[in-house]
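Working notes for the structure below.
What follows draws every value from the coordinates through simple rules; no lab data is involved. Just so you know, these numbers come straight off a predicted model, no measurement behind them. Neighbour counts are summed over all protein chains in view; Cβ atoms, including those assigned to glycine, are modelled from backbone coordinates with ideal geometry.
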Amino acid sequence: MRRLIAVLVLLVPWGFSAAAAEKDRITSVIAAQIEAFRAEDYGRAFEYASPSIRSLFGTAETFGDMVERGYPMVVGPKDVRYLDLREVAGSQWQRVLIRDRNGRLHLLDYQMVERGSDWKINAVQILRAPEGSA
């Protein structure tokens, strides 16, 4: 019994560090895409999209136009906070709280897919705005 407890004590921190490392990899992709949008570099931002998103929009310009119209909060936000990473129906979803340039809060969910050794953004859902975000 003591041996089992000792093994569990050793494995639990490894599990947390592996999960933290995976979250870091995912959030770095989202951050890089937001930074590309901030620089108005839609070509670079398009590189972080999954193959299905790239196929759907075809060009970086079309993709950039869609983001500007549908997700303006990710173009030049004042603040970005990465909340929980969770698995839903086999997919990784990263929740992100964004304060736009006008000070309004937006809650988004990013669906991430792993392609080879890289993570790509496969979808973004705008969730209900947090209370007091106006």
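I need the full set of residues from segment 90-113 which are in contact with a Gly (Cβ under 9 Å, 6 or more places away or on another chain) and either closer than 10 Å to GLN125 by Cα or among the hydrophobic types (A, V, I, L, M, F, W, C) (or both), in order please. Reasoning before the result, please.
Taking segment 90-113 and keeping what is in contact with a Gly (Cβ under 9 Å, 6 or more places away or on another chain), we get 100-101, 105.
LEU105 - this is the single residue of segment 90-113 that is in contact with a Gly (Cβ under 9 Å, 6 or more places away or on another chain) and either closer than 10 Å to GLN125 by Cα or among the hydrophobic types (A, V, I, L, M, F, W, C) (or both).
Looking at segment 102-119, can you tell me whether even one residue there is farther than 17 Å from GLU47 by Cα, among the charged types (D, E, K, R) and surrounded by 11 or more Cβ atoms within 10 Å (Cβ to Cβ)? Please lay out each step first, then the result.
Filtering segment 102-119 down to residues farther than 17 Å from GLU47 by Cα leaves 102-109.
Subsequent filtering for residues that are among the charged types (D, E, K, R) retains 104, 109.
Subset that is surrounded by 11 or more Cβ atoms within 10 Å (Cβ to Cβ): 104, 109.
Within segment 102-119, one or more residues are farther than 17 Å from GLU47 by Cα, among the charged types (D, E, K, R) and surrounded by 11 or more Cβ atoms within 10 Å (Cβ to Cβ).
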